[in-house]
Structure formats: structure tokens, C-alpha cells
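Let me begin by presenting the structure, written as C-alpha cells, before commenting on it.
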Amino acid sequence: SAGLTRFESGSGPGRVGRVPVGIGGRRMRIVVTGGAGFVGSHLVDKLIARGDDVIVIDNFFTGRKENLVHLFGNPRFELIRHDVVEPILLEVDQIYHLACPASPVHYKYNPTNVMGTLNMLGLAKRIGARFLLTSTSEVYGDPLEHPQKETYWGNVNPIGERSCYDEGKRTAETLTMDYHRGAGVEVRIARIFNTYGPRMCLDDGRVVSNFVAQAIRKQPLTVYGDGKQTRSFQYVSDLVNGLVALMESEHVGPFNLGNPGEFTMLELAQVVKETIDSSATIEYRPNTADDPHMRKPDISKAKELLNWEPKVSLREGLPLMVNDFRNRILNEDEGKGM
Ligand code: NAD
Ligand code: UDP
Ligand code: UDP
């Protein structure tokens, strides 16, 4: 790190007298890895609106420039095409580390969780930045405790089809805590439960995006297994508020960030029908291996220490993603791609 100076917030050239100003009047420079993705792009919107300088690092593996195109030309926004598996030198105050092939169809491309997290922790250590890891409820595996508290160690198959994701994130949490304890890096860990909203990948196989796209395309909703497995679905703005609250807090975590409302896949299909097309039909398909039977966050820790809880119910949130999906599906049909 010789020869590289730490970036001082609010004191660099051209950093005086511009509005709006970041949290507490202090404008920060923030990296969001995976910022061209679904969650990342919403987080970037919030940080830019708050008045911070944001650098996105993304290799566009599942992310899209379209998610950020409204920020091109904004002098406080910068987009770098880069794979976090490779080292990078930057000077920033905070690192939100979201880069990760996050959906089942992309799981197998996954040195990102280990190498990418290591590089971002090395970066945080060198420049004294605060680092936030977006971990996942999948670290609980097929849970034997319900609902899941942060103290639960999980029930994960180390050699299964989903293991590169589950175990990759578990390793990422381990690395994060090692850098915290061993190198004094300021870290934060969020365990994110199923999240949905506008800009979700259209065809990555997640249940909400599948059902919504299927209903719009007048195709049957594909329910895997008997459809009695449960998930808890969180609207993306609630998650983004939770991530920022955690980053700005004095607590390392891990914190569950999710909506405790629990639905079976058949109930979800019903809400999608009510929201988009009451005539939609259901088609049963075999379930994937190691599919968790149930999942629901216990969020008392985040409520108490971060003063955070989700505000948007599934019935309120689903309609908010329908227009975005309709437009993208229409564009696809017109041959413009997504
Ligand atoms: P997403 O696929 O939309 O976003 C991930 C982004 O990371 C994409 O833009 C992708 O191009 C980028 N990326 C992937 N590998 C990269 C690499 N090697 N270098 C640089 N960029 C890379 O997924 P998302 O739903 O927005 O997820 C964001 C984060 O939240 C992920 O870490 C994911 O594990 C976590 N998470 C999401 C959910 C959810 O329900 N959406 C649930 C639990 C955890
Ligand atoms: N790293 C990086 N940017 C930095 C500092 C480190 O990408 O500004 C990478 C570095 O290449 C290494 C990883 O982060 O692969 C871990 O760095 P650390 O200094 O902790 O470990 P070391 O290099 O000493 O093994
Ligand atoms: N699922 C489904 N139909 C689909 C896609 C998924 O019934 O078209 C089921 C899947 O088997 C799982 C649940 O929905 O039980 C949630 O799957 P998703 O991949 O969205 O999230 P995760 O399993 O990672 O929680």
C-alpha cells in the first residue's frame, strides 16, 4: 500500500460546497460491488440520492447497464467493468460487497464468493474502509430451527448442488470475521432473505420472477414439488433501507434482513394470480435437490439494534414490480433483448 494515501471524505479537491451532502453532512465515497444487479442498483440509487459518491464494480455477469443508465452522466457516479476475483486498487470510505452469482442457474460460477470477498476485504484493510457483506439466509441450509435466529448455525449439505452458494457464503462470512478479528477491519454482515422487486433478473429461475413473468406471458405458473414449502418475501426497498441502517450502525452482526411474512409457493401463486391474471393456471414440476422446506427470518435483533423492520407486504409489493416486468417482456418480444 506504499505510495497510496487514504481518501479523506469531504476534503478532497472539488468536494466542497456541492449539494446534496451525504449522511450527517459528511459526503462519502462508496463502492458497491455487484451494483449493476437487482439489489445493488436500488442501493446505488439510495446512496446517490443521499448525496454520496458511488463507484460500481460489476462484470455484468447477471447485472445490466440498463439498471444504472439513468445515472450515466451524473458526476457523483462511476461504473467500472471489473471481475472482483481480480485485485483492484481504490480509495473509498465504505464497501458494500454484493457481487455474486446469486441465482440457482448461476451458482456453479462461484469462486466469486471466496476470491471476490477476499480481495474486497484486502482492499478494506489497506485503506481502512468499512466493509459490508451481503450474506444469505441460505447459510441456514434446510433449517432445523424455525423461524431462524442469527445464533442458529445451520443445516447445510457440503457436497450438494447448492453447496457452492451456501458454503461459498459461509466461507465469505468466515473471511469477514477473520479480517475483523485479525486485521481490525470494520465489518458488517447482513443475512438476506428472499427479496423481490423491479429489475429482478427475468430468467434466472427465482420463484417470484418466474411466476410474475409466467403470468404476464400467459403461461402456467410452475410450482416445484407439492408447493407447500415456505419462503418469506421481502420488497427490495425494505432490504436497501436495512443494508444502509446496518452499514451506518455500530454493530457487526450478522443480522437477518427479511420480511417475516411466510407463504407457501401455492399461496404465492395465488397472490400472483390476484395481482396479474386471475385465469392463470398452475403446473407442477419436480423439485430441485436439497430444497429447504421452510424459511422465515426472526428479525428481533435487527428491530432492536438497528431500529429496522420491513414496511411493504407481499400484496403491496408485488404490484410494484409488474410494470417493470411488462415493459421488459414487451421489449424482449420486440426483439430488443432485456
Ligand atoms: P444479481 O445477480 O442481480 O446481482 C449480482 C451482481 O453481481 C450482478 O450485477 C453481477 O453481474 C455481479 N457479479 C457477479 N459476479 C461478479 C464478479 N465476479 N465480479 C463483479 N461483479 C459480479 O443478484 P441480487 O439478487 O441483486 O443479489 C445481490 C447480493 O445479495 C448477492 O450477494 C446475493 O447473494 C445477495 N442475496 C440476494 C438475495 C435475493 O433474494 N435477491 C437473497 C439473499 C442474498
Ligand atoms: N487486495 C486488493 N486491493 C487492495 C488490497 C488488497 O484487491 O487494495 C487483494 C490482494 O490482491 C489480495 C487480497 O486482497 O489478493 C487480500 O489482501 P491481503 O493484503 O489481506 O492479503 P495478502 O495480499 O497479504 O495475502
Ligand atoms: N420454485 C417454484 N417454482 C419456480 C421456481 C422456484 O416452485 O418456478 C420454488 C423452489 O423450489 C423453492 C422456492 O420456490 O422451494 C424458492 O425458490 P427460489 O429459487 O426463488 O429461492 P430459494 O430457494 O433460494 O429460497
What pairs can you find where one residue is in segment 242-262 and within 20 Å of Arg26 (Cα to Cα), the other is among the hydroxyl-bearing types (Ser, Thr, Tyr), and their Cβ atoms are less than 8 Å apart, with a gap of 6+ or different chains? Leu243/Tyr96; Leu243/Thr134; Met247/Tyr96
Expected single match for more than 24 Å from the chain's Cα centre (by Cα), surrounded by fewer than 15 Cβ atoms within 10 Å (Cβ to Cβ), of a type in the set (Lys, Arg) and at pLDDT 95 or above among Lys228, Lys273 is Lys228
Give the residue, chosen from Ala99, Ala129, Ala124, Ala49, that is away from ligand 3 (no atom under 16 Å from the Cβ), modelled with pLDDT of 95 or more and in contact with a Ser or Thr (Cβ under 7 Å, 6 or more places away or on another chain). Ala99
Inspect segment 173-192 for any residue being among the polar types (S, T, N, Q) and free of Cβ contacts under 8 Å to residues at least 12 places away in the same chain and give the result as yes or no. yes
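If you check Ala269, Ala302, which single one turns out to be within 16 Å of ligand 1 (Cβ to nearest atom), more than 24 Å from Asn67 (Cβ to Cβ) and not in a loop (DSSP other than H, G, I, E, B)?
Ala302
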Note on Asp166: of the conditions (1) within 14 Å of ligand 1 (Cβ to nearest atom); (2) exposed (fewer than 13 other Cβ atoms within 10 Å of the Cβ), unmet is (2)
Search segment 278-292 for residues that are more than 16 Å from Leu221 (Cα to Cα) and pair each with any residue that is surrounded by 13 or more Cβ atoms within 10 Å (Cβ to Cβ) and of a type in the set (Lys, Arg) when their beta-carbon atoms are under 7 Å apart and the residues are at least 6 apart or on different chains. Asp290/Arg162
Which one of Asn327, Asn323, Asn331 is in contact with a Gly (Cβ under 9 Å, 6 or more places away or on another chain), over 28 Å from Pro147 (Cα atoms) and either loosely packed, with under 13 Cβ neighbours inside 10 Å or among the polar types (S, T, N, Q) (or both)? Asn331
Answer yes or no as to whether Arg181 is among the charged types (D, E, K, R) and away from ligand 2 (no atom under 16 Å from the Cβ). no
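Each row is one residue, and each column tells you yes or no for (1) modelled with pLDDT of 95 or more; (2) of a type in the set (Phe, Trp, Tyr); (3) more than 28 Å from Asn67 (Cα to Cα); (4) surrounded by fewer than 16 Cβ atoms within 10 Å (Cβ to Cβ).
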site	(1), (2), (3), (4)
Ala190	yes, no, no, no
Val207	yes, no, no, no
Ala213	yes, no, no, no
Leu221	yes, no, no, no
Ala245	yes, no, no, no
Glu250	yes, no, yes, yes
Thr264	yes, no, yes, no
Thr281	yes, no, yes, yes
Pro292	no, no, yes, no
Which of the residues that make up segment 1-29 are at pLDDT 60 or above, closer than 26 Å to Gly116 by Cβ and either assigned to a loop (DSSP other than H, G, I, E, B) or within 16 Å of ligand 1 (Cβ to nearest atom) (or both)? Met28
Restricting to segment 246-285, name every residue that is farther than 17 Å from Pro297 by Cβ and β-branched (Val, Ile, Thr). Val252, Val271, Val272, Thr275, Ile276, Thr281, Ile282
How many residues, within segment 255-274, are under 14 Å from Arg217 (Cα atoms) and in contact with a helix residue (DSSP H, G or I) (Cβ under 6 Å, 6 or more places away or on another chain)? 1
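The values are calculated or read from the model by the stated rules, or taken from the named source; none is laboratory data. Bear in mind the structure is a predicted one, so any value in this text is a computation, not a measurement. Every residue, glycine as well, gets a Cβ built from its backbone with ideal geometry; the counts of neighbours run over all protein chains shown.
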